[in-house]
């Protein structure tokens, strides 16, 4: 049996194929450590408008950091910071468990807020580790989001297109966009762009409710 290691001095197309096969395992390995997260907490789907889901998000505390720059690079820097913080590089030295999704919002042009949930965190612990350099813990309010599932990579063009599609789907409904688009990632981007999945979401407010079952979600949205 001939293996890649026993093949010597490959020539022509065969040599190129062998070199590609040798490089493939390195290509498939992630270049950056991806943040290890617990399963995301359940989210209540209130209604659908075409492909857009209206979700009621229940949150407690989140750990977050702000990074400037291009979206992908800013997200990679943020995940490195958050990973170190959760591993115990904080004021108390406590290791913390976080839950998905990873949320990335543009606070101002070129400045990104990246956050993840901290389930089951006590307020006493929050006070002890609330801030460490550029990472901080903040209470996260309940909110209502319009969410669109998308394929490919979360490029600025894709994010803008997703936001526009959500606004178009909500036109004439009980929901009014109340902020800019955010990216929600439940898993790392795939090597092949067409295999990647992500969500674009808009915070929304309620202008009316169409059915009694929507009264609670509409009331929650009206408080933000």
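Values quoted throughout were computed directly from the atomic coordinates according to the rules given, and no laboratory measurement underlies them. What you see is a predicted model, and the numbers here were worked out from it, not measured in a lab. In this analysis, Cβ positions are derived from the backbone assuming ideal geometry, glycine residues included, and neighbour counts consider all displayed protein chains.
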For this session: Between residue 134 and residue 91, with labels modelled 7 Å along Cα→Cβ, what's the label distance in nm to one decimal, could you check?
Result: 2.0
For this session: Measure off 7 Å from each Cα along the Cα-to-Cβ vector at residue 167 and residue 99, then give the distance between these two points in nanometres to one decimal.
Result: 3.3
Exercise. If the chain between residue 83 and residue 44 were fully stretched, how many nm would it gain, using 0.36 nm times the residue separation less the Cα-Cα distance?
Worked result: 11.2 nm
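Based on the Cβ-Cβ distance of residue 36 and residue 141, what FRET efficiency does E = 1/(1 + (r/R0)^6) give at R0 = 30 Å, to the nearest 0.05?
For residue 36 and residue 141, the calculated efficiency is 0.70.
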For this session: For residue 197 paired with residue 160, estimate the spin-label separation in nm (one decimal), with each label point 7 Å from Cα along the Cα-to-Cβ line.
Result: 2.7
Problem set entry | Estimated FRET transfer efficiency when R0 is 35 angstrom, pair residue 68-residue 122 (beta carbons, to 0.05) | 0.60
